Amino acid sequence: MAQFDVYANPSSQSKAHYPYLVDIQSAVLTELTTRIIIPLGRLSAFGNGAMKGLTPQVSFKGEELLLLTPQLASIPVKHLKDPVGTLAHFRDQIVSALDLAITGI
């Protein structure tokens, strides 16, 4: 598992609005049985509006999505199957969103 890998949401209840999960956990924490994730939500499901800095808009697999930083969570690693892509190229925006959520700056 690599930091910023994207996985299909395994939840049948939430995947319609949150189709993907981004693994943001550092690769040095491989012994944990959970991974820290941020869901990616369909822009259309959230009124087509991003919260500046906190929920950056990203393009993934031809779809416009929001990184829903306020919904940061952990998930058992066994639920994350094969990655379907990466958002490593959005690293700066992801880290900035986390900084804003945690420090307010």
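The values are calculated or read from the model by the stated rules, or taken from the named source; none is laboratory data. Remember, it's a predicted structure, so these values are computed and weren't measured experimentally. Positions of Cβ are backbone-derived with ideal geometry, glycine not excepted, and every protein chain shown enters the neighbour counts.
Numbers for the structure displayed
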read-out	value
Looking only at the range 31-46, and only at residues there that are within 15 Å of the chain's Cα centre (by Cα) and of a type outside the set (A, V, I, L, M, F, W, C), the one that is nearest to residue 1 (Cα to Cα)	35
Check on residue 95, in contact with an Asp or Glu (Cβ under 8 Å, 6 or more places away or on another chain) and at pLDDT 95 or above	no
Residue that is within 17 Å of residue 101 (Cα to Cα) and not acidic (Asp, Glu), where the choices are 71, 13	71
Inter-residue pairs, beta-carbon under 9 Å, first over 14 Å from residue 10 (Cα atoms) and in the range 58-79, second β-branched (Val, Ile, Thr) and assigned to a helix (DSSP H, G or I), 6+ apart	58/94; 67/94; 69/94
Contacts under 7 angstrom Cβ, first residue in the range 1-19 being under 12 Å from residue 86 (Cα atoms), partner charged (D, E, K, R) and in a strand (DSSP E or B), 6 or more apart	1/23; 1/35; 3/23; 4/23; 5/23; 7/23
